[in-house]
Amino acid sequence: MKLIIPVQWIIISLVAISLCSCDKNYTVFYEDDDAKDLSVFSDMGNNVMSCYIDGHPFRTRDRVYEGGFSRGVLYPEIELFKDDSGSDSDTLTINWQADSDASNPYSVSVVLAVKKEFAYSDFNEFNNTRLVIDGVSGYFMVNHNRSEKGTGSIYFHKAILMPGNVVGINNQLSGIFEATLPSFKITRGRFDHTLPVGGREGVVYF
């Protein structure tokens with residue numbers, strides 16, 4: 001009987017550790033029957049962006065949460081940053097990231113000039129809105145290369161950020177886009193994401 005108690009505690013400990021270290025994939029990919037290797041257009045929070053770059057399919061990495069015994073880490077496919085260092089306007093960058101071992105290009109971004117003190121409620125004004133990206137007040141970028149600014153358009157089907165909603169359940173971003181850059185042509189872009197705010201599991205940083 002003396003051996004049974006330690007064995008039981010070992011089993012319980014192993015189960016507890018495994019539960020604490022479970023990984024979770026928050027991305028759902030459904031291939032579009034009319035666009036090989038691209039995701040379908042959706043607004044369900046599938047956490048994926050895909051497009052053709054020079055005719056070759058590009059898709060973001062899966063949003064994966066890697067659990068740990070003391071803390072976990074979220075590896076998101078999208079991140080939103082605001083730069084408020086400008087004197088006349090702020091800058092909002094939406095960056096989509098591929099897997100680290102993906103072939104070049106590995107990221108696509110759209111950079112938008114927004115008003116000073118741009119906040120969550122201002123982001124909601126993008127909802128159901130199409131923007132023409134002129135390469136000056138806004139531009140597309142590949143591989144974070146600001147020397148090649150692209151023109152095009154982006155349609156935000158859903159753009160919702162709720163103040164104080166740190167869980168991100170109602171925070172959504174979905175839509176479509178196309179862009180032309182000096183070295184790249186982006187076609188049939190579509191995106192669909194949930195937007196948790198800040199912290200270790202966030203994708204929105206403003």
Seminar exercise, completed: Scanning region 167-185 residue by residue, the ones that are surrounded by 15 or more Cβ atoms within 10 Å (Cβ to Cβ) and either of a type in the set (Ser, Thr, Tyr) or farther than 12 Å from VAL111 by Cβ (or both) total 11
Exercise. For the subset of region 82-115 comprising residues that are surrounded by fewer than 15 Cβ atoms within 10 Å (Cβ to Cβ) and not acidic (Asp, Glu), which member is farthest from ARG190 (Cα to Cα)?
Worked result: SER87
Seminar exercise, completed: Requiring at least 2 residues that are of a type in the set (Asp, Glu), the strands (runs of 3 or more DSSP E) wholly within region 67-110 are 78-83
Problem set entry | Test: residue in region 51-64 that is touching an Asp or Glu at 6+ places or on another chain (Cβ under 7 Å) and modelled with pLDDT under 95 | no
For this session: Output the number of the condition that PHE123 fails; it satisfies all remaining conditions of (1) crowded, with 18+ Cβ neighbours inside 10 Å; (2) part of a strand (DSSP E or B); (3) on the phi < 0 side of the Ramachandran plot.
Result: (2)
For this session: Would you confirm whether any residue within region 44-54 is farther than 26 Å from ASP32 by Cβ, in contact with a Lys or Arg (Cβ under 9 Å, 6 or more places away or on another chain), of a type outside the set (S, T, N, Q) and surrounded by 17 or more Cβ atoms within 10 Å (Cβ to Cβ)?
Result: no
Problem set entry | Count of region 40-76 residues which are over 23 Å from ASP23 (Cα atoms) and not hydrophobic (A, V, I, L, M, F, W, C) | 8
For this session: Could you tell me whether region 158-166 includes any residue that is under 20 Å from ILE53 (Cα atoms), part of a strand (DSSP E or B) and either in contact (Cβ under 8 Å) with a residue 12 or more places away in the chain or small (Gly, Ala, Ser) (or both)?
Result: no
Problem set entry | Looking only at region 57-81, and only at residues there that are hydrophobic (A, V, I, L, M, F, W, C) and surrounded by 14 or more Cβ atoms within 10 Å (Cβ to Cβ), the one that is farthest from LEU195 (Cα to Cα) | PHE58
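This table checks each residue for (1) over 18 Å from the mean Cα position of the chain (by Cα); (2) polar (S, T, N, Q); (3) over 17 Å from TYR106 (Cα atoms).
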position	(1), (2), (3)
GLY67	yes, no, yes
GLU79	no, no, no
SER85	yes, yes, yes
ASP90	yes, no, yes
Exercise. Of a type in the set (Ser, Thr, Tyr), in contact with an Asp or Glu (Cβ under 9 Å, 6 or more places away or on another chain) and either crowded, with 18+ Cβ neighbours inside 10 Å or at pLDDT 95 or above (or both), is that true of THR129?
Worked result: no
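The values are calculated or read from the model by the stated rules, or taken from the named source; none is laboratory data. Because the structure is a prediction, the values reported are computed rather than measured. Here Cβ is always computed from backbone atoms with ideal geometry, including for glycine, and neighbour counts include all displayed protein chains.
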